[in-house]
Amino acid sequence: MSVRFFNTYSREIEEFVPIAPPLVRMYTCGPTVYNFAHIGNFRAYIFEDLVQRHLEARGFQVHRVMNLTDVDDKTIRGSRAAGEPLDQFTRRFKDGFFEDLRTLRIQPAAEFPAATEPRYIERMIEMIRELENHGIAYQAEDASVYFRLSRFPDYGRLAHLNLDELRPTGRVRNDEYEKENIGDFALWKAWDEADGDVAWDSPWGRGRPGWHIECSAMAIAILGPELDIHCGGVDNIFPHHEAELAQSESCTGKKFVRYWMHCAHLMVHGQKMAKSAGNFYTLRDLTGQGWTGRELRYALISVNYRLPLNFTFEGLAAARSSLSRIDEWVLRLTALAASENRASAHPLAAATAFLDALDDDLNISGALGHLFDAIRESNRLMDEAQFTPADARALLNWWNAINHILAFEPDPSAIPAQIQSLLDARDLARKRKDWSAGDKLRDELAALGWEVKDTKEGQRVTRRPPTPP
């Protein structure tokens, strides 16, 4: 079965055929580093991680680039408010972002270009000069350089806008704006006092790049003029990706992107996430409450990327429960397979339904459904002593293969030393048949937020969900 993705540009599910298989050139819009990334951002980054991991499982070689926007309206405002140089202000948020990627088990991109790197500033200036030579870019009376929308008839195709109805007029200097304010957008912004000491020399005078040209320049410089996949959130479609498409194709004369993929918004308890609503969470907010990176990964990955995701603490608790169920199953299989290196050809281990579901526009709900079907059926067979060690070895091999996509394995140090010490003491008490001491230790563990279950394979401990704020 072929891989199929929904293409935002065509509004259709299309078979995925890269330009030069097995290579896949993939560009993903990264963070604007004026603050720590929030869980809505990470919904997009986990979706992009799933795209890459599944394509690699299907034999493709993915060259993924994720940019860091370290100069724009927001970063400059933030650095000036903090009284810090721009590079010093953005550095801690870049470092925090990479730490968060590791926490969520998101594979690092091959490259993380930053907009302020001199080689990319030079590339941005080169592209703007090329557009100017073609009469597509012009310098206005405010000394900034703008993209002339009238010279790109297909502008609006990605966001499916009707320019005749919107009737663009004037110019837009801000990086972000609404469709009702559409107009010629800024490629190069002339310096003004609000920029402080952030400026570069250019043929048009001192200034800085507009947000949109940054991504075009970095993507083309690293991946070339034609990309296979460009990802982001739905909020990136307009104006950012629309502008990227227009300026890139106007500069190169080639189709910039074959497949545009965007994930839907994340809601929190049914509402738009906002600091004013008290429902705004960064990753470190949630790990500080006792949730783990893999629990957050499960919660953020488990809904199809094109559907809105309603993030709740009940959903996080369900993610913890689902992961505990997977952990117990893997431990049970591992114990059964301990004496067997050979794998059987058991039908459960030969099933392709998990990968087939992901082939269908990343149908993660269907894929996880097949995983839990396999867990349920293999547990039944083990209960009935109808599952051999070779069968267990085969199913473990299958699990390890699909977990390269899911990345759900337990954290190496998931159980703190204090908890492990109490578990060891309880295990010893039970072996001595000191049931009173065992119950007391169970209560002590419960008071610390850990629940113990006694199974055929021994004690199983899980962390209880934190109390929502």
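The values are calculated or read from the model by the stated rules, or taken from the named source; none is laboratory data. Everything numeric here is computed off the predicted structure, so don't read it as measured data. Here the Cβ is made from the backbone with ideal geometry for all residues, glycine too, and neighbour counts use every protein chain on show. Side chains included, ligands, DNA and RNA excluded: accessible areas come from the protein's heavy atoms. Shrake-Rupley method; radii C 1.70, N 1.55, O 1.52, S 1.80 Å.
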Worksheet item: Quick check, is Arg306 in a loop (DSSP other than H, G, I, E, B) and under 18 Å from the mean Cα position of the chain (by Cα)?
Response: yes
Discussion item. Suppose we keep only residues that are more than 20 Å from Leu283 (Cβ to Cβ) and among the acidic types (Asp, Glu) within segment 70-129. Which one would you say is nearest to the chain's Cα centre (by Cα)?
Written reply: Glu111
Fill in: Odd one out for Phe98, checked against (1) assigned to a helix (DSSP H, G or I); (2) of a type outside the set (A, V, I, L, M); (3) within 29 Å of Ala186 (Cβ to Cβ)
(3)
Discussion item. Tell me yes or no: at least one residue of segment 20-33 is over 20 Å from Phe112 (Cα atoms), in contact with a Pro (Cβ under 8 Å, 6 or more places away or on another chain) and surrounded by fewer than 22 Cβ atoms within 10 Å (Cβ to Cβ).
Written reply: no
Worksheet item: What is the number of the single condition among (1) open to solvent by 40 Å² or more (accessible area, probe 1.4 Å); (2) touching a residue at least 12 places away in the same chain (Cβ under 8 Å); (3) more than 28 Å from Gly288 (Cα to Cα) that Arg325 does not meet?
Response: (3)
Discussion item. I'd like the full set of residues that are open to solvent by less than 40 Å² (accessible area, probe 1.4 Å), touching a residue at least 24 places away in the same chain (Cβ under 8 Å) and out of contact with any Phe, Trp or Tyr (no Cβ under 7 Å at 6 or more places or on another chain), limited to segment 383-413.
Written reply: Phe387, Ala390, Asp391, Ala392, Ala394, Leu395, Leu396, Trp398, Trp399, Ile405, Leu406, Ala407
Worksheet, complete the sentence: Flagged in segment 105-141 as in contact with an Asp or Glu (Cβ under 8 Å, 6 or more places away or on another chain), of a type outside the set (Val, Ile, Thr), outside any helix (DSSP H, G or I) and crowded, with 20+ Cβ neighbours inside 10 Å, in numbering order, are Ala115
Response to the item:
So, first residue of a type in the set (D, E, K, R) in segment 129-150, second residue modelled with pLDDT of 95 or more and in a loop (DSSP other than H, G, I, E, B), Cβ within less than 6 Å, six or more apart or across chains; the pairs are Arg148/Ile136
Worksheet item: In the set Ala299, Ala357, which member is without any contact (Cβ under 8 Å) to a residue 40 or more places away in the chain, in contact with a His (Cβ under 8 Å, 6 or more places away or on another chain), part of a helix (DSSP H, G or I) and not aromatic (Phe, Trp, Tyr)?
Response: Ala357
Worksheet item: Which condition number in (1) outside any loop (DSSP other than H, G, I, E, B); (2) modelled with pLDDT of 85 or more is the one that Lys453 fails?
Response: (2)
